[in-house]
1. How many of the residues making up the range 63-86 are part of a loop (DSSP other than H, G, I, E, B) and closer than 26 Å to S50 by Cα?
2. Filter the range 33-72 down to the residues that are polar (S, T, N, Q) and within 21 Å of the chain's Cα centre (by Cα), then identify the one that is farthest from P86 (Cα to Cα).
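Every number here is computed from the coordinates shown, using simple stated rules; none is lab data. Remember, predicted model here, so these are calculated numbers, not experimental data.
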Amino acid sequence: MKNFALCAFWFPLVVFAQTDPPELTSWIINTTGLTGYNGIHADVDSVQYSDNNVYVRCSGIPAYSIGPWGANPNRPSNQNYLFRIPRRPAGRKHGRENQCAAGAYRRLEKRRGDLQSAGCDFT
């Protein structure tokens, strides 16, 4: 009986333990001041989030070696990106929210007309 009481107490705590979702934890965050090309801060600077969006700030420079490009006048520089990524992508109307979101947005430019006729919402 004592074992049952312990299990009944701990089971809900284990089952309902929350872990951070992958949209918050899957980034290579630079916590050590690592620099990439030309001494520019590398990888992701910060990840912030709200109930609806994840905001990722980065320079656009990787931590691995890139270049040199010789006579090419284009040089990598800090782009100061701030990406806003929806946590619940808009999808198809009428209760089918995520059917269009994952694969369709990657091919948006190529198939925009087909997707709109299929009911995908791009607003």
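1. 3
2. Once the filter is applied, the top-ranked residue is S59.
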